[in-house]
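The values are calculated or read from the model by the stated rules, or taken from the named source; none is laboratory data. What you are looking at is a predicted structure, and each value in this text was computed from that prediction instead of being measured. Heads up, the Cβs are rebuilt from the backbone with ideal geometry, glycines too, and the neighbour counts pull from every protein chain shown. Side chains are part of the model used for accessible areas, which takes the heavy atoms of the whole protein and leaves out ligands, DNA and RNA. Shrake-Rupley method; radii C 1.70, N 1.55, O 1.52, S 1.80 Å.
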Amino acid sequence: MPDGVVDRAARAPSRAPSLAPSLAPSLASGLRHDWTEAEVRALMGLPFPELMFQAQTAHRTHFDPRDVQISTLLSIKTGGCPEDCAYCPQSAALEAPIKATRLMAVDAVLAEARAAKAAGASRFCMGAAWRSPKDHDLETVCAMVEGVKALGMESCVTLGMLDAAQAGRLRTAGLDYYNHNLDTSPEFYGEIITTRTYQERLDTLACVREAGINVCCGGIVGMGETIDDQASLIATLAALPRHPESVPINMLVRVANTRLAAAEAVDPIDFVRVIAAARITMPASHVRLSAGREGMSDETQALCFLAGANSIFYGEKLLTTPNPSENRDMRLIARLGMRPV
Ligand code: SAM
Ligand code: DTB
Ligand code: SF4
């Protein structure tokens with residue numbers, strides 16, 4: 001076994017997560033919800049040309065392969081988070097935590113949204129470093145959602161765990177997407193986060209779904225997980241009662257001070273394989289090439305698009321870490337003969 005690869009057999013077995021029984025798989029869509037980890041693992045092990053062929057075939061059945069959906073992120077409440085996610089620079093558990101800020105004012109957020117729209121973004125995503133939102137903060141976020149909608153942009157928020165009433169409140173405000181990631185496989189999850197369970201994540205996703213909000217849910221590659229874990233994450237996402245409309249695949253940004261600051265770098269080709277597996281198993285979903293692009297070559301990003309990624313985070317900052325400049329992204333999209341949507 002190569003250095004840095006964790007032996008799953010050596011880990012304690014974890015409880016299989018259960019899905020909300022009220023949400024029956026939608027068979028009418030023709031999409032599969034019964035992908036097994038072994039099947040996804042086999043896909044990821046295909047010769048690269050065959051994997052790319054299957055991914056492109058799946059992509060073209062649902063999308064124009066020239067289109068790249070453009071979302072801009074803003075951290076509306078940074079740092080001081082009570083959770084212990086090993087990858088995250090916003091956890092208060094870090095030895096040298098970043099400075100925590102208060103929730104931004106609505107006007108300041110809308111000024112950023114206007115600038116993002118002018119730069120070419122169609123969706124504005126607002127992130128808060130919370131375990132879950134407090135009611136009075138949720139009201140402020142609802143005002144932000146209403147303001148973003150009034151600009152003619154799609155809205156997305158990621159605020160941590162939600163209950164049914166909170167999800168309903170966001171829906172009433174007009175929220176289009178809620179981002180809440182599974183992050184990794186159920187088996188590896190305990191190595192990364194101890195303050196929130198996998199089942200709690202699935203419960204939040206079920207509340208978002210039942211409220212009628214589109215689901216944005218994906219994970220991170222490069223946290224020391226095995227290829228089996230990567231396949232298990234994709235199989236778990238594809239086994240949700242409805243596929244997330246948006247599937248962000250993040251390459252770990254190794255931030256100083258975090259527990260994963262010294263994680264081994266991901267082989268870009270292996271990363272492309274995960275993108276392709278997401279595309280093949282969730283063919284009607286937008287697959288977002290998310291965090292980690294700043295450290296990627298244009299050629300790696302081009303391979304991700306060929307593997308079926310059709311969305312990016314756009315703008316010079318993600319939440320707290322750098323992202324490629326808008327000029328670099330627009331140059332790349334133009335160079336590939338693709339188009340922002
Ligand atoms: N606090 C909320 C939560 O975790 O539910 C929302 C914000 S949180 C920063 C959103 C997602 O960003 C995480 O679930 C994780 O997948 C991703 N993320 C955070 N830090 C990252 C990093 N260093 N590299 C890659 N992805 C990261
Ligand atoms: C997602 O999957 N990736 C975004 C978004 N959803 C909220 C966040 C990436 C954060 C990267 C680290 C940072 O900038 O703090
Ligand atoms: Fe908090 Fe979200 Fe970061 Fe976890 S990922 S520490 S919940 S901000």
Being in contact (Cβ under 8 Å) with a residue 40 or more places away in the chain, open to solvent by 50 Å² or more (accessible area, probe 1.4 Å) and more than 16 Å from ligand 3 (Cβ to nearest atom) is true for just one of R66, R123, R60. Which residue is that?
R66
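Working only within the range 208-226, note down all residues that are among the hydrophobic types (A, V, I, L, M, F, W, C), touching a residue at least 40 places away in the same chain (Cβ under 8 Å) and surrounded by 21 or more Cβ atoms within 10 Å (Cβ to Cβ). Break it down into steps so the answer makes sense when it comes.
So the first thing to find is which residues in the range 208-226 are among the hydrophobic types (A, V, I, L, M, F, W, C), and the list is 208, 211, 213, 215-217, 220-221, 223.
Now narrow it down to the ones that are touching a residue at least 40 places away in the same chain (Cβ under 8 Å): 208, 211, 213, 216, 220-221, 223.
Hits for the range 208-226 are V208, I213, C216, I220, V221, M223.
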Going residue by residue through the range 298-308, is there one that turns out to be within 16 Å of ligand 1 (Cβ to nearest atom) and in contact with a Gly (Cβ under 7 Å, 6 or more places away or on another chain)?
no
Looking at this structure, is A284 away from ligand 2 (no atom under 11 Å from the Cβ), touching a residue at least 60 places away in the same chain (Cβ under 8 Å), under 19 Å from P340 (Cα atoms) and open to solvent by less than 50 Å² (accessible area, probe 1.4 Å)?
yes
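Per-residue answers, yes or no, for (1) among the β-branched types (V, I, T); (2) within 12 Å of ligand 1 (Cβ to nearest atom); (3) crowded, with 19+ Cβ neighbours inside 10 Å:
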{"position": "L73", "(1), (2), (3)": "no, yes, yes"}
{"position": "T78", "(1), (2), (3)": "yes, yes, yes"}
{"position": "Q90", "(1), (2), (3)": "no, yes, yes"}
{"position": "A93", "(1), (2), (3)": "no, no, no"}
{"position": "V109", "(1), (2), (3)": "yes, no, yes"}
{"position": "A115", "(1), (2), (3)": "no, no, no"}
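For (1) closer than 17 Å to L318 by Cβ; (2) within 13 Å of ligand 3 (Cβ to nearest atom); (3) in contact with a helix residue (DSSP H, G or I) (Cβ under 8 Å, 6 or more places away or on another chain), each residue gets a yes or a no:
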site	(1), (2), (3)
G79	yes, yes, no
C85	yes, yes, no
Q90	yes, yes, no
V109	yes, no, yes
G127	yes, yes, no
Q166	no, no, yes
L170	no, no, yes
Y178	no, no, yes
Pick from T197, T184: which is within 21 Å of the chain's Cα centre (by Cα), buried (at least 20 other Cβ atoms within 10 Å of the Cβ) and among the hydroxyl-bearing types (S, T, Y)?
T184
I want to confirm something. Restricting to the range 234-252 and keeping residues that are in contact with a strand residue (DSSP E or B) (Cβ under 7 Å, 6 or more places away or on another chain) and within 24 Å of D176 (Cβ to Cβ), which single residue is farthest from ligand 1 (Cβ to nearest atom)?
E245
Which residue out of A231, A309, A277 is assigned to a loop (DSSP other than H, G, I, E, B) and either surrounded by 22 or more Cβ atoms within 10 Å (Cβ to Cβ) or small (G, A, S) (or both)?
A309
